[in-house]
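*Asks:* Sharing a structure below in C-alpha cells format, with a few things to ask.
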Amino acid sequence: MTKQKILIVDDEPLARGRLRRLADDLPGYQVCGEAGDGDAALAQVAELQPDILLLDIRMPGLDGMEVAAHLSKLNSPPAIIFCTAYDSYAIQAFDVQAIAYLLKPVRKQALEEALARAGRVNRVQLQAFSGEPVDNSAGRNTAGNEQLAVRTHRGTELIDIAGIRYCQADQKYVTIHHSRGEAVSDYTLKELENAYPRQLLRIHRNTLVGVRFIQALKRTSEGHNLVSLRDNLGELQVSRRHASNVRQWLQGQQPG
C-alpha cells in the first residue's frame, strides 16, 4: 500500500521532532520532509508533492494562513492540518479549507483521526474534482466496483456506492442509508455529490438520493414534490429548487 506523504512545517525544531515521532508511529504515513518557515514550505510542496501538511500558524515570513491561501490556488493542493498553540485562528482555518485544527501539544489519537480524515477528503474530494474515478486498494474506489470508506464506531466500513439509497445531512454529520443498513459519516453532502455525480442526485439541500433507487416524482395535493423509491423503500421530500433535476434525470431514462 502506498503511504501518504506528510510535510511538517513549524519554526520550532522541537515541535517538528514531536510531530515526526507521532507520525512515524502511525501506519500508512511517511514524513517526506520538514520546513521551518512559510517560504520554505511552499518550496518543499513544489518539490516533494506531499499529500498532507502539518502546518504551524505563527511563523516568520509567510505565516501558516498565508501558506494555506497560496496552496488553495493549486489544482490538487495537499490536505492541511493546522497544528498550533493558539485557538484564536480556528474560524480562519475554515476559510482556507483546513481539514483539522489541532492544539499543541498534539495528542497521538487526535493526529491519527485528523490524518485519516485528510486522506479520505483527498481521495473523495480532490480526485473527484479532477473527474477521475477514485482508485482504492485500501478502501479506495475503482470504476468497476466503487466503494466508499466510512469511519464509524465499528471501525472503517466499506459501502458500495451502487447500494446507497440516500444520504441525509443533520447538523454536522451525514447519515448514509444503504442496502446493508446505515452509517454516520463526516463527509459533507457536497463532497459526496462532487465525487459521485452519476450515482448520487441532489433532491434537497439536506438530501442526496441514489439514482438507481429513483422510481418516480410525485406531487401531493398540498403541492409538495416527493421522490418514490423503488422496492417500496419509501418517499423523500424534493425541494422546489431541485425538482427539475429529478425530472431531467427521469426523462433521460426514457427510451429515445
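Please treat every number below as a calculation from the coordinates, not as lab data. Remember, it's a predicted structure, so these values are computed and weren't measured experimentally. With ideal geometry, Cβ positions are generated from the backbone for all residues, glycine too; neighbour counts draw on all protein chains shown.
*Asks:* Please identify which residues in the range 217-256 have an amide N closer than 13 Å to a label point set 7 Å out from the Cα of Asn206, following the Cα→Cβ vector.
*Replies:* In the range 217-256, the label zone of Asn206 (backbone N under 13 Å from the point 7 Å along Cα→Cβ) covers 237-239.
*Asks:* Using 0.36 nm per residue of separation minus the Cα-Cα distance, give me the extension gain between Ala43 and Val184 in nm, one decimal. Don't skip to the answer; put the middle values down first.
*Replies:* On the way: separation 141, 0.36 × 141 = 50.76 nm, distance 3.85 nm.
Extra length available between Ala43 and Val184 comes to 46.9 nm.
*Asks:* Would you please put 220-227, 243-250, 34-41 in order of how densely packed they are, using the mean number of other Cβ atoms within 10 angstrom per residue and starting with the highest? Numbers along the way, then the final one.
*Replies:* Details: 220-227: 12.9, 243-250: 15.1, 34-41: 20.6.
Answer by packing, highest mean first, reads 34-41, 243-250, 220-227.
*Asks:* At 0.36 nm per residue, minus the direct Cα-Cα distance, what do Asp25 and Glu235 gain on full extension? Give it in nm, one decimal, please. Walk me through the numbers before you get to the answer.
*Replies:* Working: separation 210, 0.36 × 210 = 75.60 nm, distance 4.74 nm.
Extending this stretch completely gives an extra 70.9 nm.
*Asks:* Rounded if a/c is under 1.5, else prolate if a/b beats b/c, else oblate: with a ≥ b ≥ c from the C-alpha gyration tensor eigenvalues square-rooted, which is the range 1-84? Please list the in-between numbers first.
*Replies:* Values: a/c = 1.96, a/b = 1.17, b/c = 1.67.
Oblate, since a/c reaches 1.5 and b/c is not below a/b.
*Asks:* Using only the Cα atoms of the range 147-253, what semi-axes does the equivalent ellipsoid have when each is the square root of 5 times a gyration tensor eigenvalue? Give whole Å, largest first. It would help to have the intermediate numbers written out before the result.
*Replies:* Working: eigenvalues 115, 38, 33 Å².
Largest first, the range 147-253 gives 24, 14, 13 Å.
*Asks:* Take Ser76 and Leu250, extend 7 Å from each Cα along the Cα→Cβ direction, and tell me the distance between the two endpoints in nm.
*Replies:* So the label points at Ser76 and Leu250 sit 4.0 nm apart.
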